[in-house]
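Structure record follows, encoded as structure tokens.
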Amino acid sequence: ASSTDVERTFSRGGLTVSKRRHALSDESMRAATVLSSWLDVEGLVPEAQIIEHFREKNSRFVKAVGAASEGESVSST
């Protein structure tokens, strides 16, 4: 890796850690930085599948929060 690659990666990390995301764990920060660099390679990351995964995950979260506010117990899957 050239020094330019390292500088670019370091810069991306700075863009990932914002005032709102300053509490990310090391593992999450590393994953976000790596995924960000992989997105530059056309076809390497299945973006549509990732988006669908997060939509499903968000949907389960919204249902769990709604059920908890109504006093129901929710099992995690």
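The values are calculated or read from the model by the stated rules, or taken from the named source; none is laboratory data. If you're wondering where the values come from, they're calculated on a predicted model, not measured in any experiment. Note: ideal-geometry Cβ built from the backbone for every residue, glycine included; neighbour counts use all protein chains shown.
What the table below lists for this structure:
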item	result
Residue list for the stretch 31-68, restricted to those being of a type outside the set (S, T, Y), in a helix (DSSP H, G or I) and within 20 Å of D5 (Cα to Cα)	A31, A32, V34, L35, W38
Yes/no for G13 being in a helix (DSSP H, G or I) and either touching a helix residue (DSSP H, G or I) at 6+ places or on another chain (Cβ under 7 Å) or at pLDDT below 70 (or both)	yes
